[in-house]
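The values are calculated or read from the model by the stated rules, or taken from the named source; none is laboratory data. Computed from a prediction, not measured in an experiment: that's the story for all the values here. Note that each Cβ is placed from the backbone with ideal geometry, even for glycine, and that neighbours are counted across all protein chains shown.
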């Protein structure tokens, strides 16, 4: 239950983070001074990467998945940690030696402007899915704090993200990002320790889950048949199947390598060793918060039922078991635990830090997607329309005014968030982490092979094959997801992309 102490804690935390972020942001003169300035130390690099990796998906999403599938929910943060490690050990040096400031610039130099444009559009799909997941994460927070339906919570969340865009978001870089992450880690680790104490260790948590599923109605709703099936689901690292869970981990790992935000952290470092150390710190820290959130989700499963499960119990004439509470959906597992079981002052700080992180991530993603629409899609359509009108005698196009660009960006932001609310509500039964797996996997399928060849084996694939491979891989991954094909969609996307690229491979002597 939300108390005055919770509200004060939330407001103080949000105010502190906003003030520190504004003050630290004054030290950055422009965007380029962060992306290529080369002044960040290892911990600042770590903070820049963790700022978006540790968001709603790593906390609320992991607890939600653990509520239904136990320790296999840990794969999300394990995949993110492995991606940070690969980024540090394999990609950090060639990225910094490339002389570029974006991943798509590397692709463009090797394979042409068309590959860069198509890559931007394909990236837009993955970014939009991440925006949806942030809307769902924020909705879980808002609906836990106030008695609102998920629809209204999603609308309010989108409006809050829009407000953050107007204020430039609360950036992950700088002192504000470091403080935010410290607060998140303290809150998450405190929650994990509290769960361990309240649940009497992992064995006690599993016993509470088994006691809840003793009711045949709750068990049947979750496809639980006996005690053994409980342990297969909640105590199994591959509860959803090895190809599914390990494939999700692969999506996270490769998605981290091929996402501009994390490469930007590498480029911001003062030196390659500092860039590597910063990414390695991430790989060590991320699984810790994942483990804590898994414990929270499992504890909540043993002591709470969802509103749908309560309705089924009442329809069957069963009573709610003693000591069992009710949450609206599994989305609320983490925020409901914070509100109910943590000290109010600490819970307020935790909720404030989580809310700022989710809204900040959502605003950054939305602004990035709007920028792609304005700079790539709208600009290319304008060029195409002019070429059709004037043919080969295409005159130099007049530059678009700043006012017009601002209006296009704002309209794009409104349209993207409105669409995100509609689509998010249509897939509200989907696990937030599954959206994260899909989003990062799409980025990997589009960029992994072209980027890796450009960095490590330049000239080994013919440019005309790159765009078809990007498009085919993305289409295969989306089709596999929508048709619910066996295994994780990342296998289909990477497989078809490699198949399309294979005829273009040439030896060094043929270059």
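Here are some notes:
- Scanning segment 311-333 for residues that are assigned to a helix (DSSP H, G or I) and touching a residue at least 24 places away in the same chain (Cβ under 8 Å) yields 312, 313, 330, 331, 332, 333.
- Candidates 336, 308, filtered to the one that is more than 17 Å from residue 189 (Cβ to Cβ), out of contact with any strand residue (DSSP E or B) (no Cβ under 7 Å at 6 or more places or on another chain) and assigned to a helix (DSSP H, G or I): 308
- Segment 237-266, residues that are surrounded by fewer than 17 Cβ atoms within 10 Å (Cβ to Cβ) and part of a loop (DSSP other than H, G, I, E, B): 237, 238, 241
- Some residue of segment 129-139 being surrounded by fewer than 21 Cβ atoms within 10 Å (Cβ to Cβ), in contact (Cβ under 8 Å) with a residue 40 or more places away in the chain, in contact with a helix residue (DSSP H, G or I) (Cβ under 6 Å, 6 or more places away or on another chain) and over 30 Å from residue 209 (Cβ atoms): no
- Search result, residues across segment 426-435 that are at pLDDT 85 or above and either under 28 Å from residue 111 (Cβ atoms) or out of contact with any helix residue (DSSP H, G or I) (no Cβ under 6 Å at 6 or more places or on another chain) (or both): 426, 434
- In the condition set (1) modelled with pLDDT of 90 or more; (2) assigned to a helix (DSSP H, G or I); (3) within 21 Å of residue 63 (Cβ to Cβ), residue 350 is compliant with all but (1).
- Criterion (crowded, with 24+ Cβ neighbours inside 10 Å and either in contact (Cβ under 8 Å) with a residue 40 or more places away in the chain or more than 13 Å from residue 495 (Cα to Cα) (or both)) met by exactly one of 459, 441: 441
- Failed item in (1) surrounded by 15 or more Cβ atoms within 10 Å (Cβ to Cβ); (2) within 27 Å of residue 135 (Cβ to Cβ), with residue 427 passing the rest: (1)
- Filter pass, residue 377 being outside any helix (DSSP H, G or I) and either modelled with pLDDT under 85 or in contact with a strand residue (DSSP E or B) (Cβ under 7 Å, 6 or more places away or on another chain) (or both): no
- Any hit, segment 214-233, residues being under 30 Å from residue 477 (Cβ atoms), buried (at least 17 other Cβ atoms within 10 Å of the Cβ), at pLDDT 90 or above and in contact with a helix residue (DSSP H, G or I) (Cβ under 7 Å, 6 or more places away or on another chain): yes
- Given (1) within 26 Å of the chain's Cα centre (by Cα); (2) outside any helix (DSSP H, G or I), index of the condition residue 214 fails: (1)
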